[in-house]
Amino acid sequence: MTGHPFTAYPFSAVVGHDDLKLALLLNAVSPAIGGVLVRGEKGTAKSTVVRSLAALLPEVTVVAGCRFSCDPAAPDPSCPDGPHESGLSGRPRPARLAELPVGASEDRVAGSLDLERALTEGVKAFEPGLLAAAHRGVLYVDEVNLLHDHLVDLLLDAAAMGVAHVEREGVSVRHAARFLLVGTMNPEEGELRPQLLDRFGLAVEVRASRDPDERAEVVRRRLAFDADPAGFAAAYAGGERDLARRITAARDRLPGVALPDAALRGITAVCAAFDVEGMRADLVMARTAVALSAWEGRAEVTSGDVRAAARLALPHRRRRDPFDDPGRGLDEERLEQALSEAASESDDGPDDDGPGGGGASGDGSGDGDGSGGGAASQPAQPGAPYRTRLLAPAAVGRGGPAGRRGRTTGESGRTVGARTPGGRLRRLDLPATLAAAAPHQRERGRAGSGLVLRRDDLREAVREGRESNLVLFCVDASGSMAARARMRAVKGAVLSLLLDAYQRRDKVGLVTFRGEDATVALPPTSSVELASGRLARLATGGRTPLAAGLRRAERVLAAERLRDPRRRALLVVVTDGRHTFGPDPVDAARRLAGVASVVVDCEHGPVRLGLAGRLAAALGGTAIRLEELAADHLAAVVRDVRRVA
Ligand SMILES: [Zn+2]
């Protein structure tokens, strides 16, 4: 993007952030490392550092007029703008940074193929997307944790293969898409699923410096930059040139760097000690160590390179449960132990995971059930989570955000019918299209075996998939619920539902009521970690203002409808149905009648008052007993069968 008025902050002017800078530079040297995930709170200049990287990358030479940035020395044979003649001269341009906005459509990312023209005119009309724009440069995704799963999958696939592939009903286009993938995220806004986390080569945690002098220098430079961006950039031009030259030199050196057996053994020992899944971590660590060696101008990987590579490649790959904090650093002691064991083993042969494997089980066993202390003033700790049955809105939604809960019509999912497309054709339904064309073949003068298709024959598939919902919990924390064992079971149930919401990528919120009022313990968020923390600390006791709880839930839902109108809500009321304070809850419940709701009935003991059932009726929802919440409960199965029938 030459001549752009925007001046990026120079990379060499960034104060601190050593891990982040190193991770980016190593990927610039060796894109095979697989990109960087940058985690950190707001206001830590994550984006500034990432955006400043592109200026350091060597220029690329591209075939003139090719929208896919083919290298004239080795044009992509499948280039949609090709085939290019060999021996073309190209023009150099700076490496690009393509930025993926969080609301981007799949077409915008992967490119779009005009299927109508392909079928009726026989031409492949392909509009390049961001994957093409990022080829031979950087693809930057801010708030990658808020991106739809299928888009993240698509990005990571392209990044891993170096190829973008768009296929629609048998018409396919592929083009080269090799880029350095960088994602940034604020963990407070929700975690990336572990499966996706693992596919970023490196991960770094970014924090603002706690050193006043360093902070002062950050502010000083930022003020100078804002006052005169061009002058500031000029002052750092020398530093930028040096870094750019060093990247080029390291790239040249990279293929010659040796990875001695001892270093490789160190890598595999560390990966085994940290109990990482599969072999990806070992490969990423090896590539990172080699790139670091090249960056430092060495010809051979050292144990220091291995140690540094572990700190960048492993923190997001440790086995952990979803409520664990992936931002937690690496256990340095275990790292050193694994490295020294690998070193002392020297020639001991391939004795797989002797000491390392055994030591790994010590982690995360601290959860126990924590009930040993039993200090009376402590809030009841949640019981162990279990897999819950699926609670979801009964009605089929219309195009909510992609997820795994409520049923919705949309662009993905299984085909449930066919229709004439209203606007541009999205998903061809081939059998329906053929059926529409078949009766008219003779009148259209068909000769031979070729089918004569016309535009108005085209039918698109109607699909039904799953959407992500807002699950708002409204939890009774009053005295009637506060029998300690009971509250443990209730908290365990809500925790299980939260875990389920995490896996289905829902937004969650938590309203509680006790005493004389209700509180929003957690406003709707994608961070299930936050919700589980609030739940564990939730105090209980006092009277039961059920109506107040429902009214508070109503207000939260109304605000959220304005903020995020496409997302449907599911209200989960966890209560025994009693109310001992405030107005009659039935009126409050009726006001919520348009919202999909489930009442989890916590009534206990032989006398069943059926209050929760009455509440569910007023809400227009269903009631299930706490004991029925587990996925393997027989009654749940029976109920599901009945509902489908
Ligand atoms: Zn090309």
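None of the figures in this text is laboratory data; all of them are computed from the coordinates on show. This structure is a prediction, so every number in the text was calculated from the model and none was measured. As a convention, Cβ positions derive from the backbone with ideal geometry for all residues, glycine included, and neighbour counts pool all protein chains shown.
Return a whole-number percent for the relative contact order of the stretch 1-141, with Cα pairs under 8 Å and 6 or more residues apart as the contact set.
Answer for the stretch 1-141 is 21 percent.
Amide H to amide H, which residues 5 or more places from GLY541 or on other chains are under 5 Å from it, using H placed in the peptide plane?
Hits under the 5 Å cutoff: SER478, GLY479.
Could you pull out every one of the aspartates and glutamates with an alpha carbon less than 17 Å from that of LYS491, ignoring same-chain neighbours closer than 8 positions?
Candidates past the 8-residue exclusion: ASP367, ASP369, ASP476, ASP500, GLU529, ASP576, ASP601, GLU603, GLU627, GLU628.
Measure out, as a whole number of angstrom, how far apart the alpha-carbon centroids of the stretch 133-151 and the stretch 5-78 sit.
Spelled out, the Cα-based centre of one part sits 13 Å from the other.
Expressed in nm to one decimal, what extension gain is obtained for the pair ARG387 and MET279 from 0.36 nm per residue of sequence separation less their Cα-Cα distance?
Result for the pair: 36.0 nm of gain on full extension.
Place the peptides 590-602, 246-258 in order of packing, highest mean first, counting for every residue the other Cβ atoms within 10 Å and averaging per peptide.
By packing density, highest mean first, the sequence is 590-602, 246-258.
Ordered by residue, what ³J(HN,Hα) values in Hz, to whole numbers, does the stretch 292-301 give under the Karplus form 6.51 cos²θ - 1.76 cosθ + 1.60, where θ = phi - 60° and Gly and Pro are x?
Values per residue, Gly and Pro as x: 5, 4, 5, 4, 7, x, 9, 9, 9, 5 Hz.
Filter LYS21/LYS507; LYS21/LYS42; LYS42/LYS507 down to the pairs with a C-alpha to C-alpha distance above 29 Å, please.
Correct reply: LYS21/LYS507.
Report, by chain and number, residues whose modeled amide H sits under 5 Å from the one on GLY417, excluding near sequence neighbours (fewer than 5 apart, same chain).
It is VAL462, by chain and number.
If you count, for each residue, the other Cβ atoms within 10 Å and average over each peptide, how do 277-284, 457-464, 421-428 line up from highest to lowest?
457-464, 277-284, 421-428
What number, in percent, do you get for the relative contact order of the chain if the mean sequence gap of Cα pairs under 8 Å and at least 6 apart is divided by its residue count?
On the way: 1227 pairs, mean separation 71.3, N = 645.
Relative CO of the chain lands at 11 percent.
Suppose a student asked you for the relative contact order of the stretch 516-603, using Cα pairs under 8 Å spaced at least 6 residues apart; what percent would you report?
Relative CO of the stretch 516-603 lands at 35 percent.
On a C-alpha basis, how far is the centre of the stretch 393-462 from the centre of the stretch 242-276 in Å? Whole number, if you could?
That distance is 51 Å.
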